[in-house]
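Student: Below is the structure I would like to discuss, written out as structure tokens.
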Amino acid sequence: MSNVMFTSHATAKGGRKGHVKSDDGIIDLNLVDPASGSSEKGSNPEQLFAAGYAACYDGALNLIADREKKEIDSTLTADVSLLKDESDGGFKVGVVLQVDIKGVDQEEAEHLAKLAHDFCPYSKATRGNIDVELKVTAK
């Protein structure tokens, strides 16, 4: 890998019923499997992915808006679902990104959202690997 800007580190132990911790201790979470019906409290891989994707995409959207000289106020919600994968009997991930943008009309909001989707590192990493649906609303 060339031109590394920074690297984050996290370690998981015990899978979906284990624990995840970042090297700096900011993330230090028990993991639970929501599909198990357990009443235990904790996070899950999909929730952590949703948080990262939402933050990354919103950052890309605001950068694109700045480049396009548009003043916006955005809110990004990532819904990450664990899905059954019929092709191999396993599982896969699907994402719906709800992109709410104030300061532009619907057409411009959709344009900015598409440019952000093309630019966002998470979108690049998932492109062609998982289904990602954009739901864009100008507010």
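The values are calculated or read from the model by the stated rules, or taken from the named source; none is laboratory data. From a predicted model like this one, the values you see are computed outputs, not experimental measurements. Here Cβ is always computed from backbone atoms with ideal geometry, including for glycine, and neighbour counts include all displayed protein chains.
Student: I'm trying to understand the selection: among the residues of the range 72-93, which are part of a strand (DSSP E or B) and aliphatic (A, V, I, L, M)?
Tutor: Within the range 72-93, Leu76, Ala78, Val80, Leu82, Leu83, Val93 meet the criteria.
Student: Please work out which residue is farthest from Tyr57 (Cα to Cα), limiting yourself to the range 104-131 and to residues that are of a type in the set (D, E, K, R) and not in a loop (DSSP other than H, G, I, E, B).
Tutor: Per the stated criteria, the residue is Glu107.
Student: Could you list all residues from the range 1-29 that are at pLDDT 95 or above, surrounded by 13 or more Cβ atoms within 10 Å (Cβ to Cβ) and within 26 Å of Val96 (Cβ to Cβ)?
Tutor: Ala10, Ala12, Val20, Ile27, Leu29, listed by residue number.
Student: May I ask you to say which residue of Leu61, Leu48, Leu134 is within 18 Å of the chain's Cα centre (by Cα) and either in a strand (DSSP E or B) or without any contact (Cβ under 8 Å) to a residue 12 or more places away in the chain (or both)?
Tutor: Result: Leu134 is the single residue among Leu61, Leu48, Leu134 that is within 18 Å of the chain's Cα centre (by Cα) and either in a strand (DSSP E or B) or without any contact (Cβ under 8 Å) to a residue 12 or more places away in the chain (or both).
Student: Here are Leu83, Leu63: which of them is assigned by TED's automatic domain parsing to the domain that holds Pro121, of a type outside the set (Val, Ile, Thr) and touching a Gly at 6+ places or on another chain (Cβ under 6 Å)?
Tutor: Step by step, each of Leu83, Leu63 is checked, and only Leu83 is assigned by TED's automatic domain parsing to the domain that holds Pro121, of a type outside the set (Val, Ile, Thr) and touching a Gly at 6+ places or on another chain (Cβ under 6 Å).
Student: Among the listed residues Val4, Val96, identify the single one that is in a strand (DSSP E or B) and either touching a strand residue (DSSP E or B) at 6+ places or on another chain (Cβ under 7 Å) or over 21 Å from Ile130 (Cα atoms) (or both).
Tutor: Only one candidate qualifies: Val96.
Student: Criterion first (assigned by TED's automatic domain parsing to the domain that holds Arg127 and either in a loop (DSSP other than H, G, I, E, B) or more than 18 Å from the chain's Cα centre (by Cα) (or both)) does Lys69 satisfy it?
Tutor: yes
Student: Given the criteria assigned to a strand (DSSP E or B), more than 15 Å from the chain's Cα centre (by Cα) and within 30 Å of Phe119 (Cβ to Cβ), does Ile101 qualify?
Tutor: In short, yes.
Student: Okay, next question. Tell me which residues, restricted to the range 68-94, are of a type in the set (Lys, Arg) and surrounded by 16 or more Cβ atoms within 10 Å (Cβ to Cβ).
Tutor: Lys70
Student: How many of the residues making up the range 100-139 are surrounded by fewer than 16 Cβ atoms within 10 Å (Cβ to Cβ) and small (Gly, Ala, Ser)?
Tutor: 3
Student: Among Ala35, Ala54, which is the only one that is modelled with pLDDT of 95 or more, assigned to a helix (DSSP H, G or I) and of a type in the set (A, V, I, L, M)?
Tutor: Only one candidate qualifies: Ala54.
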